[in-house]
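Working notes for the structure below.
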Amino acid sequence: MSRVYPFDDARTARAVIDDDGTLVEWNEGARRLLGHPADAVLGRPAARLLAADDTPAMPTGTRWEGTVVLRHRDGRTVPVWLLAHRRPPHDGHGGSWLLVTPLTGAERRDEDDPLTAAGLIQSPCAIAVYDAELRLHRMNDAMAEVIGLPQERLRGLRLPEIGGKPQSEELEEGMLRVLTTGRPLDVQTFQRTGGEDRARPWLARMAPVRDARGRVRGVCLAAHDITDSHRARQRLQLVNEASVRIGSTLDVTRTAQELADVCVPALADFVTIDLLDPPEHGGEPPARLTAPVTLRRAAHRSVLEGAPEAVREPGQTEEYPSGSPQADSLTAGHTIIASVAAGGMLSWLTWNTARGERVRRFGIHSSMAVPVQARGLTLGVAVFTRHRRPDPFTADDRLLAEEITTRAAVCIDNARRYSRERETALALQRSLLPRTLPRTAALEACSRYLPAARTGAGGDWFDVIPLSGMRVAMVVGDVVGHGVEASATMGRLRTAVRTLADIDLAPDELLTHLDDLVVRLSEESGGDGGPGEVGATCLYAVYDPVSRRCTLARAGHPTPVLLRPGGRPQPLELPAGPPLGLGGLPFESTELTLPEGTVLALYTDGLVMSRERDGDTGRALLHEVLAGHTDSLDVTCDRVLRALLPPGGAADDVALLLARTRSLPAGQVATWDIPADPALVAPIRKQAVEQLDGWGLSEAAFTTELVVSELVTNAIRYGAHPIRLRLIHDATTLTCEVSDTSPTAPHLRRAKTFDEGGRGLLLVAQLTQRWGSRHTPEGKTIWAELPLYEEDR
């Protein structure tokens, strides 16, 4: 769309010729020059205006200038200097040529004219002066060099006629504003000057030209090439963008991809990031590298869809020999710039035919290999190549690439170190958790542990601990924090729980001792000595399959979910108890009877809490999933995790323990009340042997008879009445228990040669699988377990 100005447009002869050679525009200035009216020439071949003896060749490029001989309407010939600009196709129309020539170039100049005085011909800055109709009045040599045409040819032309580009029209609008307002104006633009193929950034500074009376008589335009400062701003912007975009995660591959994404297309047309694989057994990469070097493609990016220049895909490895940009830059330890034209890539492309084919197909002409180095270590190499941009890499490009790569290298090293620490913590965590759960007669159990998606392993743990009398303990805990320290603390607490469970402490007593341990760990951690430096929560439950009684206590841990056969899931209300590590606060336990087949769900808060939902919503969803549980606890565990955890993984680590209770039939338990008469031990032994015969366990009768004799005799001699003997058996174990009301427990000791006693418990320990004592509200129970082998049953 042409602009309308309040000036005499006929002072320039202007015409437009399409690619067919037909005149499609003809202004009044052209009529004044050659005498032909517009209706006489429009739509006709432009060649008819040429003198028969002067037919120039068709112009090429984007601009042409020269003198041609044209025919006037009255028959005479007129030599005319023409300036032609190539116009690209637009809005479905083909290309065309704009032809202009000034009609005022030979007019006399008034030496007293302020326009003449403003010329500043000797200034190194490109300056041009335009009159009140925004036609070129004068310009200095610097401006003539920028335009690529002499002043004598251009005087009298407007700026769009000189430049022939839409950007020139925008500049003329600024000049008109200066002319009408009398205020200076700065305009930044991109222009191709002097027939250049590429546009460069320019700063056009426009100021009004006034006469002696202060009237605006024209506009002075000074053009400054700001290519260097523009590139500096671009480089600064790219470095700033890199500092924001690179390192958004602690993932090595993602960080490498961010480096490639930032550099394309701002710095290169195709970028590859190849990294060294970390050592198999930990440690750091080698300080010096020698060719050949094996690298793994971490990421690449191209200006072309799908990165067709790539020979290797992310995740694949390749061995780079000496002569390749990758190996040469890594062994040299600095950036190497090579180009096809200079032959710097010839040996590499000759050796690697696949890359040679890519170079020829896409016209790759320059490469720049920058080592990825951080903290004195070499992690890999970034290779930048160009094929769409015609200019080779410069020293400034090298500095920019090194600056961005160095920033990215620190992020990659941080991610690599984090990944190594995370893997170490995960390995430690999994080594401290039970690999398999024990098979017991008391319950069927299934478990899951998942580390946090981002922070890795934490302090969540679970355990199933067989106890005496066929009982079993279930425990789930959560240490505050993540990483190796949390995993190590978890391991210490899990060991402590198993140790305390072996002495058969009640759940509330066990948590009290565990709380004391956490307080000591807090003091040892080097904190300020205050409580809670090392924090944890825990839930501990003991289930007895004989009585079907379950005793539970918790220390700040989420309440378990109870699902009775045929019922709905419901939270099991327990006294909350303080978290472990506060010290000095009591714990309370709850006891309830569970029917056989009851499912208990014990879990850590990472299962039900997330960024998207609160704990109440998560627990409601857990109840909903458990309501549709199957006979398989393993399948139910998977359903729970799929329903409650987001696709990308949980924000916190998760421990889940599902247990289905069993009960021992009354026929597998036998109980006798023992009179306080040592002479009656023999009949008790006989009754025990008869009971074993009834159970089909005659092969275990001899050992059982000895154990019963020793434990009953000790209870009669040193215990308090009443005394009770109980035998319990399942498929693999026979348990012998003797209870009395004395709190004093026996101790194993080594009898001297001439001692008459003291060998009974030693004999029991050698004959049984394990033995021990536990305190009860009424006194104590001494127990011993005998393994049942296939021949015993």
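The values are calculated or read from the model by the stated rules, or taken from the named source; none is laboratory data. These figures come from a predicted structure and were not determined experimentally. With ideal geometry, Cβ positions are generated from the backbone for all residues, glycine too; neighbour counts draw on all protein chains shown.
Please tell me if A15 is under 14 Å from L82 (Cβ atoms), at pLDDT 90 or above and either surrounded by 15 or more Cβ atoms within 10 Å (Cβ to Cβ) or in contact with a Lys or Arg (Cβ under 8 Å, 6 or more places away or on another chain) (or both).
For A15, the condition - under 14 Å from L82 (Cβ atoms), at pLDDT 90 or above and either surrounded by 15 or more Cβ atoms within 10 Å (Cβ to Cβ) or in contact with a Lys or Arg (Cβ under 8 Å, 6 or more places away or on another chain) (or both) - is met.
Matching residues to (1) surrounded by 15 or more Cβ atoms within 10 Å (Cβ to Cβ); (2) part of a strand (DSSP E or B); (3) touching a residue at least 12 places away in the same chain (Cβ under 8 Å):
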position: I162; (1), (2), (3): yes, no, yes
position: M175; (1), (2), (3): yes, no, yes
position: V178; (1), (2), (3): yes, no, yes
position: D186; (1), (2), (3): no, yes, yes
position: T189; (1), (2), (3): yes, yes, yes
position: L203; (1), (2), (3): yes, yes, yes
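Restricting attention to the range 392-418, report how many residues are surrounded by fewer than 16 Cβ atoms within 10 Å (Cβ to Cβ) and closer than 19 Å to A342 by Cβ.
Final tally of qualifying residues: 3.
Going through the range 59-80 one residue at a time, which ones are free of Cβ contacts under 8 Å to residues at least 12 places away in the same chain and at positive phi?
G75
Can you tell which of R398, R358, R389 is in contact (Cβ under 8 Å) with a residue 24 or more places away in the chain and assigned to a loop (DSSP other than H, G, I, E, B)?
Only one candidate passes the filter, namely R389.
Select from the range 468-487 the residues that are modelled with pLDDT of 85 or more and part of a helix (DSSP H, G or I) and write down the one among them that is surrounded by the most Cβ atoms within 10 Å (Cβ to Cβ).
Filtering the range 468-487 for residues that are modelled with pLDDT of 85 or more and part of a helix (DSSP H, G or I), the one surrounded by the most Cβ atoms within 10 Å (Cβ to Cβ) comes out as M470.
If you go through the range 568-611, how many residues are of a type outside the set (A, V, I, L, M, F, W, C) and under 20 Å from L656 (Cα atoms)?
Residues flagged as of a type outside the set (A, V, I, L, M, F, W, C) and under 20 Å from L656 (Cα atoms) within the range 568-611 amount to 14.
Considering only residues that are of a type in the set (A, V, I, L, M, F, W, C) and over 27 Å from R548 (Cα atoms), look in the range 632-664 and name the one that is surrounded by the most Cβ atoms within 10 Å (Cβ to Cβ).
Filtering the range 632-664 for residues that are of a type in the set (A, V, I, L, M, F, W, C) and over 27 Å from R548 (Cα atoms), the one surrounded by the most Cβ atoms within 10 Å (Cβ to Cβ) comes out as V654.
So is E523 in contact with a Gly (Cβ under 7 Å, 6 or more places away or on another chain) and farther than 21 Å from D502 by Cβ or not?
For E523, the condition - in contact with a Gly (Cβ under 7 Å, 6 or more places away or on another chain) and farther than 21 Å from D502 by Cβ - is met.
Would it be correct to say that G459 is in contact with a Cys (Cβ under 7 Å, 6 or more places away or on another chain), outside any helix (DSSP H, G or I) and buried (at least 24 other Cβ atoms within 10 Å of the Cβ)?
no
With respect to L236, is the statement that it is outside any strand (DSSP E or B) and exposed (fewer than 14 other Cβ atoms within 10 Å of the Cβ) true?
In short, yes.
Show the residue pairs that are 6+ apart or on different chains and have beta-carbon atoms under 9 Å apart, the first residue being within the range 499-515 and over 20 Å from P578 (Cα atoms), the second being at pLDDT below 90 and of a type in the set (K, R).
I503/R774; D504/R774
Is the range 598-608 home to any residue that is part of a loop (DSSP other than H, G, I, E, B) and over 37 Å from the mean Cα position of the chain (by Cα)?
Taking every residue of the range 598-608 in turn, at least one turns out to be part of a loop (DSSP other than H, G, I, E, B) and over 37 Å from the mean Cα position of the chain (by Cα).
Mind telling me which of the residues L450, L428, L511 ends up being buried (at least 17 other Cβ atoms within 10 Å of the Cβ) and outside the structural domain of F587 (by TED's automatic domain parsing)?
Going through L450, L428, L511 in turn, the sole match is L428.
Looking for something in contact with a helix residue (DSSP H, G or I) (Cβ under 6 Å, 6 or more places away or on another chain), closer than 16 Å to G469 by Cβ, of a type in the set (A, V, I, L, M, F, W, C) and not in a strand (DSSP E or B) - is there at least one such residue anywhere in the range 688-708?
yes
Residue-wise test of (1) under 17 Å from F384 (Cβ atoms); (2) among the aliphatic types (A, V, I, L, M); (3) in contact with a Leu (Cβ under 6 Å, 6 or more places away or on another chain); (4) not assigned by TED's automatic domain parsing to the domain that holds Q373.
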residue: A256; (1), (2), (3), (4): yes, yes, no, no
residue: T272; (1), (2), (3), (4): yes, no, no, no
residue: D277; (1), (2), (3), (4): no, no, no, no
residue: L289; (1), (2), (3), (4): no, yes, yes, no
residue: V293; (1), (2), (3), (4): no, yes, yes, no
residue: E318; (1), (2), (3), (4): no, no, no, no
residue: G323; (1), (2), (3), (4): no, no, no, no
residue: V340; (1), (2), (3), (4): yes, yes, no, no
residue: L346; (1), (2), (3), (4): no, yes, no, no
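Taking the condition of being surrounded by fewer than 16 Cβ atoms within 10 Å (Cβ to Cβ), out of contact with any helix residue (DSSP H, G or I) (no Cβ under 7 Å at 6 or more places or on another chain) and not in a strand (DSSP E or B), how many residues in the range 18-33 meet it?
Residues that pass the stated criteria total 2.
Of the residues A409, A415, which single one is touching an Asp or Glu at 6+ places or on another chain (Cβ under 8 Å) and either outside any helix (DSSP H, G or I) or hydrophobic (A, V, I, L, M, F, W, C) (or both)?
Selected residue: A415, the only one of A409, A415 that is touching an Asp or Glu at 6+ places or on another chain (Cβ under 8 Å) and either outside any helix (DSSP H, G or I) or hydrophobic (A, V, I, L, M, F, W, C) (or both).
Give the residue that is modelled with the lowest pLDDT, with candidates limited to residues of the range 431-451 that are in contact with a Gly (Cβ under 8 Å, 6 or more places away or on another chain) and of a type in the set (A, V, I, L, M).
Checking each candidate, the answer is L432.
Quick one: count up the residues across the range 328-360 that are surrounded by fewer than 13 Cβ atoms within 10 Å (Cβ to Cβ) and under 36 Å from the mean Cα position of the chain (by Cα).
6
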